[in-house]
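Engineer: Structure provided below as structure tokens; questions to follow.
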Amino acid sequence: MKGIYLVTDQNACQAKSLESIVIDAVKAGVSCVQLREKNIGTRMFLKKALDLVSILKPEKIPLIINDRVDIALAVKADGVHLGQSDMPYEHARRLMGPKAVIGLSVETWEDVQKAQDLEVDYLGVSPVFPTPTKTDTKAPWGLEGLVRIRDYSRHHLVAIGGLDASNAQDVIKSGADSIAVVSAICSAKDVFNATTKLVSFFEKTQFQKEKRS
């Protein structure tokens, strides 16, 4: 799980459709899309998931469903992202199967330690910085917290929370394998250019990291 990871938020899309934003982001090089909609019913969630499957599958871009294992199974999504209050990893893995991508949010050091024994595909380090799109989380990790997790964890790390072009490079340098963004893409006036800039930052910084190692 590397690259720019788009997490959707219909409220952040303003006047644009979610589908048009995803299409532009895919053209610009996002590596993954998570459908995260906290305030819609099951039928609408299912419809949006099916719409994104039709966009992402031909492009071979993974679709991850936030929280809802049932929706992920119904649309044959590539995986699911779980929070600490969602279905336990073991049950989700049993339902989703061995090939599914399963991510897990970690908000405390205890979460990180417990995850070390789980065969999750990535940890969502949440939030790195304060953000209005994630109001139900613990105190931000900051860059020092991200470095601490990178030094300890065996898992891929997806950083999320308050990330944009101004801090993406620092977050990558601090150990993130992927940068998850919401408003930086969904609320951008020009989604394609905003995404292209983030992808470019990621690729350049990742190359520099690999060159030094």
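The values are calculated or read from the model by the stated rules, or taken from the named source; none is laboratory data. The structure presented is a predicted model; accordingly, all values stated were derived computationally and were not measured. Note that we place each Cβ from the backbone using ideal geometry, even for glycine, and neighbour counts take in every protein chain shown.
Engineer: Would you check which residues across region 63-79 are buried (at least 19 other Cβ atoms within 10 Å of the Cβ) and either charged (D, E, K, R) or out of contact with any Pro (no Cβ under 7 Å at 6 or more places or on another chain) (or both) and list them? Give the steps one after another, and end with the answer.
Structural biologist: Our first condition is that a residue be buried (at least 19 other Cβ atoms within 10 Å of the Cβ); within region 63-79, this holds for 63-69, 71-72, 75, 77-79.
Once the filter is applied, which keeps residues that are buried (at least 19 other Cβ atoms within 10 Å of the Cβ) and either charged (D, E, K, R) or out of contact with any Pro (no Cβ under 7 Å at 6 or more places or on another chain) (or both), region 63-79 yields L63, I64, I65, N66, D67, R68, V69, I71, A72, V75, A77, D78.
Engineer: Related question: Take region 183-213 and flag every residue that is closer than 23 Å to S105 by Cα, crowded, with 22+ Cβ neighbours inside 10 Å and either of a type in the set (D, E) or out of contact with any Gly (no Cβ under 8 Å at 6 or more places or on another chain) (or both).
Structural biologist: Correct list: A184, I185, C186, L198.
Engineer: Would you confirm, using the coordinates I've provided, whether M1 is at pLDDT 95 or above and closer than 26 Å to H155 by Cα? Reasoning before the result, please.
Structural biologist: Details: at pLDDT 95 or above: no; closer than 26 Å to H155 by Cα: yes.
No: the conditions fail for M1.
Engineer: A further question follows. Can you tell me which residues in region 183-205 are in a helix (DSSP H, G or I), of a type in the set (A, V, I, L, M) and farther than 22 Å from Y122 by Cα? Quick ask: steps written out before the conclusion?
Structural biologist: Taking region 183-205 as the starting set, the residues that turn out to be in a helix (DSSP H, G or I) are 183-186, 191-205.
Next, from what is left, pick out any that are of a type in the set (A, V, I, L, M): 184-185, 191, 194, 198-199.
Of everything in region 183-205, those that are in a helix (DSSP H, G or I), of a type in the set (A, V, I, L, M) and farther than 22 Å from Y122 by Cα turn out to be V191, A194.
Engineer: With respect to the numbered conditions (1) more than 17 Å from the chain's Cα centre (by Cα); (2) modelled with pLDDT under 95, which one is the sole condition not fulfilled by E37?
Structural biologist: Result: E37 fails condition (1) only.
Engineer: Given (1) crowded, with 20+ Cβ neighbours inside 10 Å; (2) outside any loop (DSSP other than H, G, I, E, B); (3) among the charged types (D, E, K, R), where does E19 come up short, assuming only one miss?
Structural biologist: (1)
Engineer: Okay, next question. Looking only at region 39-78, which residues are out of contact with any Leu (no Cβ under 8 Å at 6 or more places or on another chain) and small (G, A, S)?
Structural biologist: If the condition is that a residue be out of contact with any Leu (no Cβ under 8 Å at 6 or more places or on another chain) and small (G, A, S), then G41, S54, A72 are the ones that fit.
Each row is one residue, and each column tells you yes or no for (1) in contact (Cβ under 8 Å) with a residue 40 or more places away in the chain; (2) of a type outside the set (G, A, S); (3) crowded, with 20+ Cβ neighbours inside 10 Å; (4) part of a strand (DSSP E or B).
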{"site": "L6", "(1), (2), (3), (4)": "yes, yes, yes, yes"}
{"site": "I23", "(1), (2), (3), (4)": "no, yes, no, no"}
{"site": "K27", "(1), (2), (3), (4)": "yes, yes, no, no"}
{"site": "N39", "(1), (2), (3), (4)": "no, yes, no, no"}
{"site": "F45", "(1), (2), (3), (4)": "no, yes, yes, no"}
{"site": "A49", "(1), (2), (3), (4)": "no, no, yes, no"}
